[in-house]
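First comes the structure, then the notes that go with it.
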Amino acid sequence: MEDRQNNTPSHEKARRLAKLGSGPAPFILGVVAALVFGWWLFPDFLFSKQAQPVQFSHETHLKDASMECSTCHYLRADGTFSGLPSTRDCAVCHSQLLGTSKAERTFYDEYVKTGKEVAWKNYQKQPDNVFFSHAVHSLATCNNCHDFSERELCSACHLDVTKGKNPPVFRENRITGYSQNTMKMWQCEACHADPSHLGSTNASNACFVCHK
């Protein structure tokens, strides 16, 4: 039986189509498609991009030589970590308008004057089953052997937010709800597995050290 359009036997056309579907070409195309989806398309789909509720510049604040990370993110007397500063903490300096920027006006009018807390998006929120002590990982402790500045130590684990006028985009995992910048377990393990740390701090990779 022949194809009436081009007089080519049907079985010959089938053979040619089968030949096109064999060989390395389909495999290569599949790998390329998988890489494009896995490296570019899927991450953009998996993580939503969100802006902070207030445009806060760490760079601007840290230009003041008297301010360091611990000015706003400090250890309390009992060793617990204060975490994100409250509106009341910020109002120590922002009890009146400082400058004429739109962000300053927004913060002053909507938060300082009303006492409302800013719903900051936490770049480094850890899962509930993870125990982490900032007191144990403090500058005083680490600098028994190292010579870190405060900013160097903080950015060893945290996203470096000290550069630029605008805060980094917050990228939230649509499935887990955690930030893309949340520190991964392998990063903690790499530091704990350092032989010099084990000898000086008794750091361990045992599950119960970090998971309670």
Only residues in region 111-122 that are surrounded by fewer than 15 Cβ atoms within 10 Å (Cβ to Cβ) count as the first member; pair them with residues that are not in a loop (DSSP other than H, G, I, E, B), Cβ under 6 angstrom, at least 6 apart or cross-chain, and list the lot.
-> Glu117/Thr87
Sort through Asn173, Asn166 and tell me the only one that's under 30 Å from His197 (Cβ atoms) and surrounded by fewer than 16 Cβ atoms within 10 Å (Cβ to Cβ).
-> Asn173
Does region 79-94 contain at least one residue that is part of a helix (DSSP H, G or I), at pLDDT below 95, within 27 Å of Glu172 (Cβ to Cβ) and among the aliphatic types (A, V, I, L, M)?
-> no
Among (1) closer than 19 Å to His73 by Cα; (2) of a type in the set (Ser, Thr, Tyr); (3) within 13 Å of the chain's Cα centre (by Cα), where does Ser149 come up short?
-> (3)
What single numbered condition from (1) surrounded by 13 or more Cβ atoms within 10 Å (Cβ to Cβ); (2) aliphatic (A, V, I, L, M); (3) in contact (Cβ under 8 Å) with a residue 60 or more places away in the chain fails to hold for Leu97?
-> (3)
Exclusive hit being loosely packed, with under 13 Cβ neighbours inside 10 Å, of a type in the set (Val, Ile, Thr) and within 18 Å of Cys157 (Cα to Cα), set Val136, Val130 = Val136
Among what's in region 163-209 and is in contact with a Ser or Thr (Cβ under 9 Å, 6 or more places away or on another chain) and either assigned to a helix (DSSP H, G or I) or among the charged types (D, E, K, R) (or both), pick the residue that is farthest from Lys121 (Cα to Cα).
-> Leu198
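The values are calculated or read from the model by the stated rules, or taken from the named source; none is laboratory data. Keep in mind that this is a model prediction, so the values were computed, not measured. Cβ: placed from backbone, ideal geometry, glycine included. Neighbour counts: every protein chain shown.
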